[in-house]
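Working notes, structure below.
The values are calculated or read from the model by the stated rules, or taken from the named source; none is laboratory data. Keep in mind it's a predicted model, so treat the numbers as computed, not measured. Note: ideal-geometry Cβ built from the backbone for every residue, glycine included; neighbour counts use all protein chains shown. The area values use the complete protein model at the heavy-atom level, side chains included, leaving out ligands, DNA and RNA. Shrake-Rupley method; radii C 1.70, N 1.55, O 1.52, S 1.80 Å.
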Amino acid sequence: MIIAVDGPTASGKGTIAKALAAHFGLPHLDTGLLYRAVGLQCARGGGNPDDPQDALAACDFPDHLIADPELRSEATGGLASRVSVHPEVRAALYDLQRAFATQPGGAVLDGRDIGTVIAPEAEVKLFVTASVAARAERRFAEMRAAGRTVSLAEIEADLRVRDQRDSSRATAPLVAAPDALVLDTSFVGRDEAIAEAIRAAEMLIA
Ligand code: DC
């Protein structure tokens, strides 16, 4: 069984994907980490993330980069969004994601284009979303808890830029698959959102 969980940044899709993987006993891949690794590798090597050739060269990142704490930063999220625009980068990361999705027994993947491009045949497709305000508040609280000094307005502005870039790119834009079940977490707590996702998945595979 393949479970595809797509949605914008800070929508709660990662938390939901992890919970679904634990519930169904399936392996989980956060595909955003791959784009983040490419973005970070590109920047560290002095490349320009907006240049397709520089971004493509960075797809050959070393495995240990996936565990680099800098991968989770907002700055790296921005770099990831920039390199992910290039069709060359998306093509270079396709096989790995496709192999993970189609492994025997199934898998849970979260990202932007899992239900539309990587695994259009997924039995369960969820599109997890929330208002920009709700997502910015969440990200703000997370960063404050991690001891970072940030402004809510800056986070909100950054989310809008990333949403716009991810949704308007020509290749594999952030969009709900026509057959995805949309889960709006704007006014829903973490546990409730997870319970709803599990209910939805069980309903879809019944
Ligand atoms: O989910 P995230 O915030 O870690 O993703 C970072 C960026 O990577 C996101 O802004 C767009 C890109 N991305 C993508 O284009 N396709 C995916 N499947 C996952 C992430």
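Flag set for L174, criterion: within 15 Å of the ligand (Cβ to nearest atom) and outside any helix (DSSP H, G or I).
Candidates in region 96-116 are the residues that are farther than 14 Å from M1 by Cβ and more than 8 Å from the ligand (Cβ to nearest atom); of these, the one that is surrounded by the most Cβ atoms within 10 Å (Cβ to Cβ) is T116.
The lone criterion from (1) within 16 Å of the chain's Cα centre (by Cα); (2) more than 13 Å from the ligand (Cβ to nearest atom); (3) in a helix (DSSP H, G or I) left unmet by I3 is number (3). Screening S73, S81, S11 for residues that are closer than 26 Å to D184 by Cβ, out of contact with any strand residue (DSSP E or B) (no Cβ under 8 Å at 6 or more places or on another chain) and hydroxyl-bearing (S, T, Y) leaves exactly one candidate, S81. Take R165 and decide whether it is within 16 Å of the ligand (Cβ to nearest atom), open to solvent by 40 Å² or more (accessible area, probe 1.4 Å) and either free of Cβ contacts under 8 Å to residues at least 12 places away in the same chain or within 23 Å of L34 (Cβ to Cβ) (or both). Yes, satisfied.
Every condition in (1) touching a residue at least 60 places away in the same chain (Cβ under 8 Å); (2) in a loop (DSSP other than H, G, I, E, B); (3) of a type in the set (A, V, I, L, M) is met by I194 except one, and the failing one is (2). Filtered by the rule that a residue be within 16 Å of the ligand (Cβ to nearest atom) and in a loop (DSSP other than H, G, I, E, B), region 126-145 gives a lone residue, A130.
Quick grid of which residues meet (1) closer than 23 Å to I155 by Cα; (2) at pLDDT 95 or above:
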position: I3; (1), (2): no, yes
position: D6; (1), (2): yes, yes
position: T9; (1), (2): yes, no
position: A21; (1), (2): no, yes
position: F24; (1), (2): no, yes
position: H28; (1), (2): no, yes
position: R36; (1), (2): yes, yes
position: G39; (1), (2): yes, yes
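In region 85-95, the qualifying residues are those that are assigned to a helix (DSSP H, G or I) and over 14 Å from the mean Cα position of the chain (by Cα), and the one that is surrounded by the fewest Cβ atoms within 10 Å (Cβ to Cβ) is D95. Per this entry, L183 is not counted among residues that are farther than 15 Å from S11 by Cβ, touching a strand residue (DSSP E or B) at 6+ places or on another chain (Cβ under 6 Å) and away from the ligand (no atom under 13 Å from the Cβ). Looking across region 162-199, the residues that are of a type in the set (A, V, I, L, M, F, W, C), under 15 Å from T129 (Cα atoms) and over 19 Å from the mean Cα position of the chain (by Cα) come down to F187, V188.
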